[in-house]
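Read the structure below first, then the notes.
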Amino acid sequence: MRLPDSILPLLVEGLCYRAGAVEILRDVGFTLEAGGPSLVIGPNGAGKSVLLRLLHGLLAPSAGRIHWGAPEGNVPVARRQAMLFQRPVLLRRSVLANAAYPLRLAGLGRAEAAARAREGLALVGLEGLAERPARRLSGGEQQRLALARAAALQPEVLFLDEPCANLDPAATRAVEEIVATLAARGTKIVMTTHDLGQARRLAAEVLFLHQGRLLEQAPAEAFFAGPATAEARAFLRGELLW
Amino acid sequence: MQDLATAFATALGLVATADPAVTGILLLSLRVSLTAVALAALVGLPLGALLAVARFPGRRAVLVTLNALMGLPPVVAGLLIYLLLSRAGPLGPLGLLFTPTAMVIAQAVLIAPILAALSRQVLEGLWEEYAEQLRSFGAGPWRAVPTLLWDGRFALLTVLLAGFGRAAAEVGAVMIVGGNIEGFTRVMTTAIALETSKGDLPLALALGLMLMAIVLAVNALAQGLRDAAAGSAG
């Protein structure tokens, strides 16, 4: 059901977000083009998660604009994106029912939703566990199920908020492989991480956030070879930034 | 102690002989209270789910009122329904007063607030967990209601049992709107009250023991169903 016109590029201008008196994001502006994964990196508290929630529409900006490239009103922008959270939120249902749930919400019939959900499960290697209760899965399997559920929606843009933060190395690798597969299939990946190794492995482009400001946006190769700002250099050296 | 021993013996005797009068009273008790729970659930559970997800001015006042209604005295609930159903009342022409239907209505009114308040409590925690993910899927609070009711089904079963316990145990409401008519609207609690006032304490106590056994059986059955379902759906 992919519509021909794309919702990308995503244009962000002067984005601010305040929670009470605390300014979490200040004057953030950038453009996200279709293409390889964009990794949002930066120390804890830099505002990475808030940025993703703003882009996905879960939070409303205090100021600034988030402008999707789709002609206004032509494309249901919300239906063309999906988001994965640090801790997967799974329904108290079977693995298959979890993967089918958002498809049913989107108006697909029972059979079609189940078929697409199974495709998603196959993508993450969970097709054998389709009838199991989702919440009995291991942490890594739960996150893979959340990925399958998001992928089954066939989003044009997939936001991932620290999807591997609670996972062991093997589960992390499995999630990264799936993310890379989705990216290769043309899904635009926008992902936060504080794991530099992960950023190096996945990123085509890096956005470096620090204390609520976007300090750099650069191709991954250039960024890791020589970041332009002192803060990014310190972050790459593993120094604490506050 | 003598009375207690006699009561046990009487209860066993009633069960052993399957006394038709007592069996009829027992079945009516079950029928009235279970129907009342089903009726109250139709209103109370969706209302509880809605209150769990909805944010509106005055919500706190509604919650306080609802919680207070959990303490609604059965005689008051009975009296309200009596006034509605009595010959001069707005629903008088239906001729429902002193029928089992009137008892069902009174008990449903009594326990609907309990079901709504308890399910609100249970589902609010679930909503906190689900809200962001469901919004990401494009489901607003309205669409979340059926999802929460289904995903909270095991906790809600306990809520239903609390409602059933309250309905099966109350005497004031069914007494007022049912009238304790022998063979027609007499249930366990009104029979117990009657035998007590007549001074047949062992028989009253025996009926009480049987009522408790029935409530225990219903709870055990529900728990068994829950365990079986939980095993397959977690």
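Here are a few things to note about the model shown:
- Picking from residues in the range B:6-22 that are surrounded by 14 or more Cβ atoms within 10 Å (Cβ to Cβ) and within 29 Å of B:LEU110 (Cβ to Cβ), the one that is modelled with the lowest pLDDT is B:VAL15.
- Only one of B:ARG186, B:ARG153, B:ARG166 that is of a type in the set (Lys, Arg), within 14 Å of chain A (Cβ to nearest Cβ) and either within 30 Å of A:PHE85 (Cα to Cα) or in contact (Cβ under 8 Å) with a residue 40 or more places away in the chain (or both): B:ARG153
- In summary, helices (runs of 4 or more DSSP H) completely within the range B:55-148 and bearing 2 or more residues that are surrounded by 20 or more Cβ atoms within 10 Å (Cβ to Cβ) occur at B:74-85, B:100-136.
- Sole exception among (1) of a type in the set (D, E, K, R); (2) within 29 Å of A:HIS194 (Cβ to Cβ); (3) within 14 Å of chain B (Cβ to nearest Cβ); (4) without any contact (Cβ under 8 Å) to a residue 40 or more places away in the chain for A:ARG135, by number: (4)
- Being touching a strand residue (DSSP E or B) at 6+ places or on another chain (Cβ under 6 Å), closer than 17 Å to A:LEU215 by Cβ, surrounded by 14 or more Cβ atoms within 10 Å (Cβ to Cβ) and not aliphatic (A, V, I, L, M) is not true of A:SER49.
- Filter result for the condition that a residue is within 14 Å of chain A (Cβ to nearest Cβ), under 24 Å from B:VAL64 (Cβ atoms) and either hydroxyl-bearing (Ser, Thr, Tyr) or without any contact (Cβ under 8 Å) to a residue 40 or more places away in the chain (or both), over B:GLU132, B:GLU128: B:GLU128
- The residues in the range A:156-172 that are over 21 Å from A:LEU54 (Cβ atoms) and in contact with a helix residue (DSSP H, G or I) (Cβ under 9 Å, 6 or more places away or on another chain) can be counted, and the count is 7.
- Tallying residues that are crowded, with 19+ Cβ neighbours inside 10 Å and either within 17 Å of the chain's Cα centre (by Cα) or at negative phi (or both) within the range A:193-215 yields 12.
- Helices (runs of 4 or more DSSP H) wholly inside the range B:149-218 containing at least 1 residues that are hydroxyl-bearing (Ser, Thr, Tyr) and under 18 Å from the mean Cα position of the chain (by Cα): B:153-169, B:188-198
- Among residues of the range B:115-148, those that are within 25 Å of the chain's Cα centre (by Cα) and either among the charged types (D, E, K, R) or more than 30 Å from A:LEU158 (Cβ to Cβ) (or both), counted: 9
- Subset of the range A:48-107 [part of a loop (DSSP other than H, G, I, E, B), within 7 Å of chain B (Cβ to nearest Cβ) and under 17 Å from the mean Cα position of the chain (by Cα)]: A:LEU58, A:PHE85, A:VAL89
- Scanning the range A:153-200 for residues that are in contact with a Leu (Cβ under 8 Å, 6 or more places away or on another chain), over 21 Å from A:GLU221 (Cβ atoms) and among the polar types (S, T, N, Q) yields A:THR181, A:THR187.
- For the range B:209-234, a residue qualifies if it is in contact (Cβ under 8 Å) with a residue 24 or more places away in the chain and either within 14 Å of chain A (Cβ to nearest Cβ) or closer than 17 Å to B:THR23 by Cβ (or both), and the qualifying residues are B:LEU209, B:MET210, B:LEU211, B:ILE214, B:VAL215, B:VAL218, B:ARG226, B:ALA229, B:ALA230.
- Residue in the range A:224-237 that is surrounded by 18 or more Cβ atoms within 10 Å (Cβ to Cβ) and polar (S, T, N, Q) present: no
- Residues being within 11 Å of chain A (Cβ to nearest Cβ), on the phi < 0 side of the Ramachandran plot and not charged (D, E, K, R) - total across the range B:136-145: 5
The values are calculated or read from the model by the stated rules, or taken from the named source; none is laboratory data. Note that the structure is a prediction, hence the values are computed from the model and not measured. Neighbour counts are summed over all protein chains in view; Cβ atoms, including those assigned to glycine, are modelled from backbone coordinates with ideal geometry.
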